[in-house]
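Worksheet: the structure to be examined is printed underneath.
The values are calculated or read from the model by the stated rules, or taken from the named source; none is laboratory data. The structure presented is a predicted model; accordingly, all values stated were derived computationally and were not measured. Virtual Cβ from ideal backbone geometry, glycine too; neighbours counted across all protein chains shown. Keep in mind that these areas ignore ligands, DNA and RNA; they rest on the heavy atoms of the full protein, side chains included. Shrake-Rupley method; radii C 1.70, N 1.55, O 1.52, S 1.80 Å.
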Amino acid sequence: MYLGVMPKKLRIGWFSFSCCEDSTIIFTELLNDHYRQWKDKIEFCSALVLRKKSTVKDLDVAFVEGAITSRKQEEKLRQIRRESKKLVAIGACACIGMPSSQRNLFNEKTNKEIQNILIRFNYAKTVRKLSEVVNVDDFVHGCPMDENIFLATVNKYLKEFKII
Ligand code: SF4
């Protein structure tokens with residue numbers, strides 16, 4: 001029986017808000033290439049693409065894609081922020097709001113036309129980038145995300161948390 005101390009892994013979560021989830025697809029493709037290298041270094045605590053059970057508790061790094069379009073999403077993002085030492089915005093929608101926030105630029109006439117949809121789905125008046133709701137530590141820009149910057153960010157935190 002092994003009684004030694006288990007090596008520490010980087011506890012990460014991957015979360016998607018309002019978006020097309022293309023960065024999630026890139027993330028899963030990267031997993032195909034890097035899983036062997038990451039499996040002893042990274043613990044995927046919350047990533048719905050990988051596992052049904054999601055634990056948003058005591059995360060080292062939360063990767064968050066998509067923009068915030070409702071009060072419910074805002075609360076969820078604040079919860080993720082409280083439970084994560086670092087929070088990284090993934091892709092343009094999370095980093096700068098666009099293209100998910102296009103409706104913020106609608107004229108008065110179009111805004112009136114979409115009012116019923118906003119009410120029916122409980123959407124907020126405006127769409128917000130992550131940094132308008134919580135503090136963001138890092139940004140992986142691109143639409144979808146730039147995979148090289150994402151990999152560099154993962155490596156940066158593996159070093160910062162003394163995993164490698
Ligand atoms: S940044 Fe681009 S790829 Fe990512 S969710 Fe937004 S529209 Fe989709």
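Structure data summary
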{"item": "Where Lys9 falls short, out of the listed (1) buried (at least 18 other Cβ atoms within 10 Å of the Cβ); (2) within 16 Å of the ligand (Cβ to nearest atom)", "result": "(2)"}
{"item": "Residue check for Asn111: over 26 Å from Lys162 (Cα atoms) and either of a type in the set (A, V, I, L, M, F, W, C) or modelled with pLDDT of 95 or more (or both)", "result": "no"}
{"item": "Tally of residues being free of Cβ contacts under 8 Å to residues at least 60 places away in the same chain and either part of a loop (DSSP other than H, G, I, E, B) or within 14 Å of the ligand (Cβ to nearest atom) (or both) across segment 105-139", "result": "13"}
{"item": "Residue selected from segment 84-99 under the condition farther than 14 Å from Trp14 by Cβ and either charged (D, E, K, R) or open to solvent by 50 Å² or more (accessible area, probe 1.4 Å) (or both), by the criterion farthest from the ligand (Cβ to nearest atom)", "result": "Lys85"}
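To keep it simple, each residue is scored yes or no on (1) outside any loop (DSSP other than H, G, I, E, B); (2) within 16 Å of the ligand (Cβ to nearest atom).
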| residue | (1), (2) |
| --- | --- |
| Gln37 | yes, no |
| Asp40 | no, no |
| Phe44 | yes, no |
| Arg51 | no, no |
| Lys57 | no, no |
| Asp60 | yes, no |
| Val64 | yes, yes |
| Glu74 | yes, no |
| Gln79 | yes, no |
